[in-house]
Amino acid sequence: DRRANNPEREKHASRPAEEGAEGERGRWAWYAPPFPPLALWVAGSDDLVDGRRLLRRFQRGREPHVAVVHSKLIPEYEHLDVIWAVDAIEKVGREVRDVLWMTAAGREGCTIPIGCEGVGAWEGKGRGAGEEEVEVEGEREAEGKGEGGTAEAPNGHAS
């Protein structure tokens with residue numbers, strides 16, 4: 001396997017990410033600097049990937065080199081609903097557009113995309129370790145169900 005002999009492939013979860021990393025947590029980080037800003041849309045009902053666990057890793061400061069600029073947990077979504085769900089544009093797509101515009105380098109000389117008029121520039125800080133708030137989509141929807149009503153899940157089934 002060509003990858004096994006690749007000198008670029010030095011980092012592994014069982015070895016330190018870098019020698020001069022920040023503290024013990026940074027020493028065992030999965031992501032080494034420089035790492036680009038990260039935005040996450042997590043499917044809460046995903047049986048293939050535990051996105052909540054990854055979010056907790058960032059929240060607990062185990063990845064000191066990662067700036068999470070946006071994170072959202074969508075409880076009723078399954079693995080690929082973030083791209084295939086009927087309401088993916090409303091729940092994910094518009095936020096992706098906003099995050100791309102927010103983190104775009106050199107945006108001063110660009111035309112503002114439609115819908116991004118109120119989106120400010122990212123200041124390079126992110127919501128660092130322990131400070132990050134995860135937006136939970138289902139909390140707003142649960143409030144809007146009304147008495148005895150049901151919400152429609154992304155796959156079209158009533159929940």
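The values are calculated or read from the model by the stated rules, or taken from the named source; none is laboratory data. All figures in this text were calculated on a predicted structure; none of them were measured in a lab. Don't worry about glycine lacking a Cβ; one is built from the backbone with ideal geometry, like all the others, and counts go over all protein chains shown. When the accessible area is computed, the model is the full protein with side chains, heavy atoms only, and any ligands, DNA or RNA have been set aside. Shrake-Rupley method; radii C 1.70, N 1.55, O 1.52, S 1.80 Å.
Things worth noting here:
- Which listed residue is open to solvent by 80 Å² or more (accessible area, probe 1.4 Å) and not hydrophobic (A, V, I, L, M, F, W, C), from E63, E78: E78
- Within this structure, I83 fails the test of being more than 15 Å from the chain's Cα centre (by Cα), without any contact (Cβ under 8 Å) to a residue 12 or more places away in the chain and either more than 13 Å from E135 (Cα to Cα) or in a helix (DSSP H, G or I) (or both).
- Test: residue in region 93-105 that is farther than 21 Å from V136 by Cβ and in contact (Cβ under 8 Å) with a residue 24 or more places away in the chain: yes
- Per-region count, region 60-75, residues assigned to a loop (DSSP other than H, G, I, E, B) and either within 26 Å of V119 (Cβ to Cβ) or modelled with pLDDT of 95 or more (or both): 5
- Checking R127, R57 one by one, the residue that is closer than 24 Å to W30 by Cβ, open to solvent by less than 80 Å² (accessible area, probe 1.4 Å), modelled with pLDDT under 75 and basic (K, R) is R127 and no other.
- Candidate set: region 98-121, residues that are outside any loop (DSSP other than H, G, I, E, B) and open to solvent by 80 Å² or more (accessible area, probe 1.4 Å); chosen: the one farthest from V69 (Cα to Cα): E108
- Qualifying residue in region 100-120 (condition: touching a strand residue (DSSP E or B) at 6+ places or on another chain (Cβ under 9 Å) and small (G, A, S)): no
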